[in-house]
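Scroll down for the structure; my scribbles are underneath it.
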Amino acid sequence: MRRILFLVEKEFKQILRNRVLLRMMLITPILQLILLSYAANFEVKDLQITIVDSDHSTYSRRLVSKFSHIENFHISTYEPSYKQASLQLLKNSSDIVLVIPPHFERDLYRNNRAEVQLMVNAIDGSKAGIASGYAASIIRDFNAEILTENFPAPPLQNGQVMIANQYWYNPQLEYKTFMVPGILFELLLLIGGLIASLNIVREKEVGTMEQLNVTPIKKYQFIIGKLTPFVIIGLVQFTAGLLVGVFLFGIPLEGSILLMYMFALLFLLLCVGLGLFISNISQTMQQAMFAAFFCLVLFILLSGLFASTENMPLWAQYLNYLNPLKYIIEVGRNVMLKGSSFYEVQSQFFALSLLTVLILSLAMWRYRKTV
Amino acid sequence: MEKVVIADKLTKKFGNFIATNEITFAVDKGEIFGFLGANGAGKTTAMRMLCGLLKPSSGDAKVAGFDVYTQTEKIKERIGYMSQKFSLYEDLTVRENIKFYGGIYGLRLPAIKSKTEYILEKLSLGEVADTLVASLPLGWKQRLAFSIAMLHEPPVVFLDEPTGGVDPITRRQFWDMLYEAASNGTTIFITTHYMDEAEYCNRVSIMVDGRIQALDTPRRLREQYGVESMDGVFQILARGTSTK
């Protein structure tokens, strides 16, 4: 026990003395929290639209003017033909093309129906989906308008279903509210997984590890003494992040704060376990950095921090059973936004506990006091 | 005489490569035992096996009475170790390094305190006690590293090229410390590339390609090979040439 305290004391002295790293550990997370939750935003704004109006009629101009009055759309050019408009898509100067065919107005009068065409640049699939959705709703609006003009009896009374949306847990559809609980935990992965592993590998590189290995320090003493400081720093960072989230961003904290900390602690144990394991299999800081980044990027991309995990292919969803970040982000969102109690997040708790035990035992088994 | 380090046909193989090939020797209590050999002759491998850092492939060895296969942790309580890679924490002060290693070796706080005062005074480091080790001259660091390896008063201390890169005067001061420790009964097991240091040892073994080719006092080795200095002995054995 005393050995552990000596080790913890030494680690803290070294960490506190490393001003640059200390500042990075405390400032970058906050910075990342602010940047990611403001900048990594999937709201689609300022869509460039190209118009091909081959009809030049009153109705076609009315349809076009509806687009020009919507904030999200900006009419970039008018093109005379379909062909030239598709060049705009190719050049990337337009996101969407609206083609109004000749006889649009005539068809409307004569047949009570007419067609328009939308061409959408779908390289960014989710943006394309949202853009065509917006465009379709504008056209629907236009449709309803001309219907009421031509048929005096309001069509709404003909037994149509009206939808009234009400968004729960994030009523303003604030992107920040969605991001912050996830980022809070993602940051702990940096401290535990990356910084802790680099710290241990550094001792290997400078040779002090060999010196420690010829002392009678026990494996468990080394592991506890070495990892405790990072768990504590992680908790400090978590607190800072939580304060920024709640007071600066106004993210609700509906659930129990104790529950949040319990999960933060559990997740940190998992992170430092991962860090220890990475340091075991790496001989140099470069190797450790690479291994840690590989895990980090994989975890983050699959975690559902940015994109919903339920829309991922099945194999990715199976892979995600091993992704601790997926569980903890679910916990963060449910506890902070919905106010879930332990009962509602117990499956995540058991999954995380299992992963923690797994990675910690793997790391302890792999750690050797021999060369 | 009490034997503190005993090796009997101690062997380490890495795949097909035999780093240490059936080496056999015994070191007395209070002896300064020089472990010589060209780079890659197997010195460091042998020393690592004796310190419990590396499992031998075959053969036997005992250090301070404990077996290198099964009792490595017992050995680690009873040896000091100073490696060629400088092993103090550069971002801790002199005092903090002493405290940390004292704590790791299980010393109580009062003992750490008195040891600290003793070391600071003996090495005249009082003025730089609270200076980061990184800013000390190499020779001071080496003497401090040795003192720290001796903190828990081990019966035997292993030194792996402890004096690399310092001038002869500083080396001489370092050896004064070794003599003092040996006269107090500490066994010193040292590898070196400096032939003047080989002359200072009580006995010297010379390793060539994983085997011990010669083992005796420096004087008798000189006589046996008919040369003026240990350097001559080393040239004949390690390089197969004579400078005579």
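The values are calculated or read from the model by the stated rules, or taken from the named source; none is laboratory data. Predicted, not measured: the structure shown is a model, and the values here were computed from it. Neighbour counts are summed over all protein chains in view; Cβ atoms, including those assigned to glycine, are modelled from backbone coordinates with ideal geometry. Surface areas here come from the heavy atoms of the whole protein model, side chains and all, with no ligands, DNA or RNA. Shrake-Rupley method; radii C 1.70, N 1.55, O 1.52, S 1.80 Å.
Evaluated on region A:47-157, the Kirkwood hydrodynamic radius is 14.5 Å, with distances taken between all distinct Cα atoms. Across region A:47-157, C-alpha contacts under 8 Å between residues 6 or more apart give a mean separation that, scaled by the residue count, equals a relative contact order of 28 percent.
Each label was represented as a point 7 Å from its Cα along the Cα-to-Cβ direction; for A:A136 and B:E223 these points are 10.4 nm apart. For region B:43-71, accessible area lost to neighbouring protein chains reaches 30 Å² or more, against the chain alone with a 1.4 Å probe, at B:R48, B:L53.
Between 0 and 90 degrees, the angle of helix B:109-122 with respect to the longest Cα principal axis of chain B falls at about 70 degrees.
Sparse packing (at most 14 other Cβ atoms within 10 Å of the Cβ) combined with a DSSP loop state is found for the following trypsin sites (Lys or Arg not before Pro) in region A:8-48: A:K45. List the residues of region A:1-40 whose accessible area drops by at least 40 Å² when all protein chains are present, compared with their chain alone, using a 1.4 Å probe and counting only protein heavy atoms. Output list: A:R2, A:R3, A:F6, A:K10, A:K13, A:Q14, A:R17. Take the Cβ atoms of B:K122 and A:L26, set R0 to 35 Å, and the FRET efficiency comes out at 0.30.
Our summary gives chain A a relative contact order of 19 percent, counting only alpha carbon pairs under 8 angstrom and 6 or more residues apart. In chain A, the DSSP-assigned H stretches of four residues or longer account for a calculated mean residue ellipticity at 222 nm of -20000 deg cm²/dmol, using -39500 (n - 2.57) per stretch and the full residue count as denominator.
The alpha carbons of region A:310-371 stretch over 50, 29, 14 Å along the principal axes, in descending order.
With a length cut of 24 Å (Cα positions projected on each helix's long axis) and a Kyte-Doolittle mean of at least 1.0, go through chain A and give me the DSSP H helices that pass. Display every interim value, and only then the final one.
Details: long enough: A:19-39 (28 Å, 1.57); A:125-150 (37 Å, 0.08); A:219-243 (36 Å, 1.26); A:257-281 (36 Å, 2.48); A:285-302 (25 Å, 2.21); A:346-366 (30 Å, 1.29).
In chain A, the long hydrophobic H runs are A:19-39, A:219-243, A:257-281, A:285-302, A:346-366.
Here's the list of lysines a cross-link from A:K326 could span, going by alpha-carbon distance under 19 Å and ignoring same-chain residues fewer than 8 apart: A:K176, A:K338. First check a/c for region B:1-42, with a ≥ b ≥ c the square roots of the eigenvalues of its C-alpha gyration tensor; if it is under 1.5, answer rounded, and if not, answer prolate when a/b is larger than b/c or oblate otherwise. It is oblate, given that a/c is not under 1.5 and a/b is not larger than b/c.
Given a cut-off of 18 Å, name the pairs among B:K76/B:K122; A:K10/B:K76; A:K10/A:K204; A:K204/B:K85; B:K29/B:K62; B:K3/B:K85 whose C-alpha atoms lie farther apart than that in the structure shown. In this structure, B:K76/B:K122; A:K10/B:K76; B:K3/B:K85 lie more than 18 Å apart at Cα. Ranked by the mean number of other Cβ atoms within 10 Å per residue, highest first, peptides B:200-212, B:179-191 order as B:200-212, B:179-191. Checking every one of the GluC sites (Glu not before Pro) in region A:277-371 against DSSP loop status and a limit of 12 other Cβ atoms within 10 Å picks out no site at all. Heavy atoms of the protein chains alone define the surface here; on that basis the protein assembly as shown has 49 Å² accessible area per residue at 1.4 Å probe size.
Annotation: aspartates and glutamates with alpha-carbon distance below 13 angstrom to A:K226 (same-chain offsets under eight excluded): A:E9, A:E11, A:E203.
Helix B:94-104 and the longest principal axis of the Cα set of chain B meet at an angle near 70°. A simple spin-label model places the labels of A:S347 and A:I257 3.0 nm from each other, with each point 7 Å out along Cα-to-Cβ. I'd like the carbon and sulfur percentage of the solvent accessible area for chain A, probe radius 1.4 Å, heavy atoms only, ligands and nucleic acids excluded. Here it works out to 64 percent. Take the accessible area of chain A alone and of chain B alone, subtract that of the pair, and you get about 2800 Å² summed over both chains, using a 1.4 Å probe. Name the lysines eligible as straight-distance cross-link partners of A:K83: C-alpha to C-alpha under 21 Å, and not fewer than 8 places from it in the same chain. Correct list for A:K83: A:K91. Hey, in the GNM for chain B with a 10 angstrom Cα cutoff, which one of B:K99, B:K43, B:K113 fluctuates hardest? Result: B:K113 has the largest fluctuation of those listed. For the protein assembly as shown, taking the reciprocal of the average inverse distance between every pair of different Cα atoms yields a Kirkwood hydrodynamic radius of 30.2 Å.
Give the range of the longest stretch in chain A that excludes all chymotrypsin sites (Phe, Trp or Tyr not before Pro) found in loop regions by DSSP and having at most 14 other beta-carbon atoms within 10 Å. Mind showing how you got there, number by number?
On the way: sites that count: A:F42, A:Y167, A:W168, A:Y169, A:F306.
My reading of the result: A:170-305 is the longest stretch.
At q = 0.13 Å⁻¹, what log₁₀ I(q)/I(0) does region B:1-117 have when each alpha carbon counts as one equal point scatterer in the Debye sum? Computed log10 I(q)/I(0) values: -0.63. Principal-axis analysis of the Cα atoms of chain B puts helix B:138-149 at an angle of about 90° to the longest axis.
Viscosity 1.002 mPa s, temperature 20 °C: Stokes-Einstein D of region B:48-142 from its Kirkwood Cα radius, in µm² per second? Could you put the intermediate results ahead of the total?
Values: Rh = 15.1 Å.
Answer from the Stokes-Einstein relation: 142 µm²/s.
Please say if region A:1-92 is rounded, prolate or oblate, where rounded means a/c under 1.5 for a ≥ b ≥ c the square roots of the C-alpha gyration tensor eigenvalues, and otherwise the choice is prolate for a/b larger than b/c and oblate otherwise? Walk me through the intermediate numbers first.
Details: a/c = 6.79, a/b = 4.54, b/c = 1.49.
Prolate.
Label zone of A:L87 (point 7 Å out along Cα→Cβ, amide N under 18 Å): in region A:97-127 this covers A:97-99.
Computed over region B:128-244, the range of Cα coordinates on each principal axis works out to 51, 28, 25 Å, biggest value leading.
When the Cα atoms of chain B are aligned to their principal axes, the ranges along those axes come out at 50, 42, 36 Å in descending order. For region B:83-220, the fraction of 1.4 Å probe accessible surface lying on carbon and sulfur atoms is 51 percent. In region A:347-371, the residues whose accessible area drops by at least 10 square angstrom when the other protein chains are added to the isolated chain are A:K369, A:T370, A:V371; the probe is 1.4 Å and only protein heavy atoms count.
Return the distance in nm (one decimal) between the two label points of a simple spin-label model at A:N111 and A:L314, each offset 7 Å from Cα along Cα→Cβ. So the label points at A:N111 and A:L314 sit 4.2 nm apart.
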